[in-house]
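Asks: One structure coming up, written as structure tokens, with questions to follow.
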Amino acid sequence: FEIFNLDMKTGDTLKVKGKISDDTDGFSINLGCSSSDLALHFNPRFNESVIVCNSKCNKAWQEEHRDDHLCFSRGSTIKIVIEMKADKFQVKLPDDHKVEFPNRHCYDKVNYMSVKGGFRVTSFKL
């Protein structure tokens, strides 16, 4: 699942709903300018019971941020809300816990979004 003309700006909120596969190790929701320049890589990993957030610059991954608040499971249907702020991304999980990740590239707009792995998007709204 990829979108190249997202046009998400500072202050915007992106809501993504979908179903997690029963047999997946994880999935990722990526926001940035392209697949090689990501402002936010949101990556729940069920095999590690952790949510990893990262950014990518010129195809190179940067320092990981790990949050052990994995409040959903394989096979569940969830909604994730991502708010783009000037200095950070705020990801609201289904139980209202917030994962914050800095806007390391200082982007004021992102055009690229992808969803990879064991997550089937049923709807999204910007």
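Bear in mind these aren't lab numbers, they're just calculated from the coordinates by the rules spelled out. Bear in mind that the values here come from a model prediction, so they are computed numbers and not experimental data. Please note: Cβ atoms are built from the backbone with ideal geometry, for glycine as well, and neighbour counts cover all protein chains shown.
Asks: Can you give the convex hull volume per residue for the Cα atoms of region 16-60, as a whole number of Å³?
Replies: About 83 Å³ per residue, rounded to a whole number.
Asks: Where nothing but the Cβ of Lys and Arg (+1) and of Asp and Glu (-1) is charged, how large is the charge dipole of the chain around its Cα centre, in debye to the nearest 20?
Replies: 340 debye
Asks: Just grab the label-to-label distance for Lys59 and Ala86, each label 7 Å out from Cα along the Cβ direction, in nm (one decimal).
Replies: 3.5 nm
Asks: D for the chain, whole µm²/s, Stokes-Einstein with Kirkwood Rh over alpha-carbon pairs at 37 °C and 0.692 mPa s: what number?
Replies: 229 µm²/s
Asks: Mind checking the full-extension length gain between Ser21 and Arg120? Use 0.36 nm per residue of separation minus the Cα-Cα distance, one decimal, nm.
Replies: This chain segment gains 34.9 nm when fully extended.
Asks: For region 1-32, which chymotrypsin sites (Phe, Trp or Tyr not before Pro) pass both filters: DSSP loop (anything but H, G, I, E, B) and at most 15 other C-beta atoms within 10 Å?
Replies: Phe1, Phe4
Asks: May I ask you to compute the full-extension gain from Phe1 to Ser73, defined as 0.36 nm times their residue separation minus their alpha-carbon distance, rounded to one decimal in nm?
Replies: The Phe1-Ser73 span can extend by a further 23.8 nm.
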